[in-house]
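*Asks:* Let me begin by handing over the structure; questions about it come next.
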Amino acid sequence: MWLERYAGTITAIAACNFLVVALIGHFQFTVAGIAPPDTHIFGISDADLRPWLAGIRNGLLTRFMTLHTFTLDLTLPYMLLAAFTGLAFQFGNRVPRLASLPLFLKIVGASLLPLLYTIADNAENLMVVVLLQWHPSVFAGLSMPDEMFGQLADLLRTATLWKFIFFGLALLVLLATFVASKLQTGKD
């Protein structure tokens, strides 16, 4: 499988993308001491979200959307999905119990948690875009009702939390598979 063969290269590219996203997010899009919403493990509070959105809208919106949201942060979850899946195949095929599974089960087992991470990250990005785009100048002077803002902020926090949970679980499973593969190669 090509994904297994190029897992190292894909992982290196994904790691570089992650580093660039983290550094750009921290240095370019921290507003009033508040980091972007996707960096808050338990989700950003309403008290921090409102000033961050206002600060991004005032001069940074185009740069945030083009440099962060629609380029690097859009590709990162898919790169991590490919990297985690490829590495899981690579390590899993060294463990006889995992190597003997049917291909379909290998694909599901290797990609399920990274896929759930990707879905949660995309949902998080969608919520940020919706919250950023709802601006009085866009909607002819209409402001977002507080109840709707609260619901969207809750969805953003939930997506962020699940993103980190699925990422952590995928990393743990990958680590366990790696350890199992190293223990197996020690027996050979």
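*Asks:* Out of (1) closer than 30 Å to ILE56 by Cβ; (2) in contact with an Asp or Glu (Cβ under 6 Å, 6 or more places away or on another chain), what's the single condition that is false for GLN90?
*Replies:* For GLN90, the failing item is (1).
*Asks:* Quick check: anything in region 141-152 under 23 Å from the mean Cα position of the chain (by Cα) and crowded, with 16+ Cβ neighbours inside 10 Å?
*Replies:* yes
*Asks:* Taking only region 63-98 into account, find how many residues are free of Cβ contacts under 8 Å to residues at least 24 places away in the same chain and over 21 Å from ASN122 (Cβ atoms).
*Replies:* Residues in region 63-98 being free of Cβ contacts under 8 Å to residues at least 24 places away in the same chain and over 21 Å from ASN122 (Cβ atoms): 1 in total.
*Asks:* Test ASP48 against the stated conditions and say whether it is of a type in the set (Asp, Glu) and touching a strand residue (DSSP E or B) at 6+ places or on another chain (Cβ under 9 Å).
*Replies:* Considered against the rule, which asks whether it is of a type in the set (Asp, Glu) and touching a strand residue (DSSP E or B) at 6+ places or on another chain (Cβ under 9 Å), ASP48 comes out as yes.
*Asks:* Could you grab me the full set of residues in region 2-35 that are in a helix (DSSP H, G or I), of a type in the set (Phe, Trp, Tyr) and more than 22 Å from GLY59 (Cβ to Cβ)? Can you show your working first?
*Replies:* As a first pass, look at region 2-35 and keep what is in a helix (DSSP H, G or I): 2-5, 7-28.
Those left that are additionally of a type in the set (Phe, Trp, Tyr): 2, 18, 27.
TRP2, PHE18, listed by residue number.
*Asks:* Given (1) over 30 Å from LYS187 (Cβ atoms); (2) crowded, with 17+ Cβ neighbours inside 10 Å; (3) among the β-branched types (Val, Ile, Thr); (4) at pLDDT 90 or above, identify the lone condition not met by THR69.
*Replies:* That leaves (4) as the condition not met.
*Asks:* For region 101-117, check the following and say yes or no: at least one residue is touching a Leu at 6+ places or on another chain (Cβ under 8 Å) and within 24 Å of ALA35 (Cα to Cα).
*Replies:* Yes - at least one qualifying residue is present in region 101-117.
*Asks:* Which condition breaks for ASP38 when tested against (1) closer than 24 Å to THR158 by Cα; (2) in contact with a Phe, Trp or Tyr (Cβ under 9 Å, 6 or more places away or on another chain); (3) touching a residue at least 24 places away in the same chain (Cβ under 8 Å)?
*Replies:* With respect to (1) closer than 24 Å to THR158 by Cα; (2) in contact with a Phe, Trp or Tyr (Cβ under 9 Å, 6 or more places away or on another chain); (3) touching a residue at least 24 places away in the same chain (Cβ under 8 Å), ASP38 is out only on (2).
*Asks:* Given the condition in contact with a Pro (Cβ under 6 Å, 6 or more places away or on another chain), assigned to a helix (DSSP H, G or I) and not β-branched (Val, Ile, Thr), answer yes or no: does some residue in region 36-54 qualify?
*Replies:* The first filter runs over region 36-54 and keeps only residues in contact with a Pro (Cβ under 6 Å, 6 or more places away or on another chain), leaving 44.
Of the ones still in play, those that are also assigned to a helix (DSSP H, G or I) are none.
No, the conditions are met nowhere in region 36-54.
The values are calculated or read from the model by the stated rules, or taken from the named source; none is laboratory data. Note that this is a predicted model, so its numbers are computed, not measured. Neighbour counts run over all protein chains shown; Cβ positions are idealised from the backbone, glycine included.
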